[in-house]
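Chemist: Dumping the structure here so I can ask a few things about it.
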Amino acid sequence: MRTTNWMIMVVVGAIAAGAAHAADVTGSVKFDGDAPKMKKIKMDADPKCAEMHEDEPATSEEIVVNDNGTLRNVFVYVKSGLEGKTFEPPKKNVLGEICMATPAISEGVLYFRTQNHLIAIAEK
């Protein structure tokens, strides 16, 4: 595996709130340096798929840098600072089916597959 001098800077602001919750976290994740070229996904195993992507090849999206330097599809978590605090877990959303795959995020939409459905969750 080749390493490069990419640096990801996480800018997160937290505003302390009342006892109902610990904070509201907002911010953006910026990529510092030259954005990596997205690798072309081979589509030659399926002629129909290859035909659909003749004009614009499908590319991997491990790191997607927007025009303004921010990163797309980023997950940020709080690693420390909440010691001793407890929170009520979110309410359950019962699907009635077994989840069959690792969730994927694309353009702000969360996708996951159940036994019989592909589910997409996004803001309205």
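Yes/no per residue for (1) aliphatic (A, V, I, L, M); (2) assigned by TED's automatic domain parsing to the domain that holds Val29; (3) closer than 24 Å to Ala35 by Cα:
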| position | (1), (2), (3) |
| --- | --- |
| Ala45 | yes, yes, no |
| Pro57 | no, yes, yes |
| Phe75 | no, yes, yes |
| Ser80 | no, yes, no |
| Cys99 | no, no, no |
| Ser106 | no, no, yes |
| Val109 | yes, no, yes |
| Thr114 | no, no, no |
| Ile119 | yes, no, no |
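Chemist: Taking the condition of being surrounded by 13 or more Cβ atoms within 10 Å (Cβ to Cβ) and assigned to a loop (DSSP other than H, G, I, E, B), how many residues in region 37-65 meet it?
Modeler: Residues that pass the stated criteria total 7.
Chemist: Taking region 98-113 on its own, how many of its residues are among the hydrophobic types (A, V, I, L, M, F, W, C) and exposed (fewer than 10 other Cβ atoms within 10 Å of the Cβ)?
Modeler: Count: 1.
Chemist: Here's a follow-up. Which of the strands (runs of 3 or more DSSP E) contained wholly in region 67-124 include at least 1 residues that are polar (S, T, N, Q)?
Modeler: On the way: elements: 104-106, 109-113, 118-121.
Of the strands (runs of 3 or more DSSP E) lying wholly inside region 67-124, those with at least 1 residues that are polar (S, T, N, Q) span 104-106.
Chemist: So, Ala20, is that one of a type in the set (A, V, I, L, M), part of a loop (DSSP other than H, G, I, E, B) and at pLDDT 75 or above or not?
Modeler: no
Chemist: Additional query: Looking only at region 59-81, count how many residues are of a type in the set (S, T, N, Q), within 18 Å of the chain's Cα centre (by Cα) and more than 22 Å from Leu110 (Cβ to Cβ).
Modeler: So the count comes out to 1.
Chemist: Kindly indicate whether Glu61 is at pLDDT 85 or above, within 27 Å of Ala122 (Cα to Cα) and not assigned by TED's automatic domain parsing to the domain that holds Ala120.
Modeler: Values: at pLDDT 85 or above: no; within 27 Å of Ala122 (Cα to Cα): yes; not assigned by TED's automatic domain parsing to the domain that holds Ala120: yes.
Criteria not met by Glu61.
Chemist: When the residues of region 82-97 are filtered to those that are loosely packed, with under 11 Cβ neighbours inside 10 Å and either under 30 Å from Pro36 (Cβ atoms) or touching a residue at least 24 places away in the same chain (Cβ under 8 Å) (or both), which remaining residue is farthest from the chain's Cα centre (by Cα)?
Modeler: It comes out as Lys85.
The values are calculated or read from the model by the stated rules, or taken from the named source; none is laboratory data. The shown structure was predicted, so the numbers you read here are calculated from the model rather than taken from an experiment. Neighbour counts run over all protein chains shown; Cβ positions are idealised from the backbone, glycine included.
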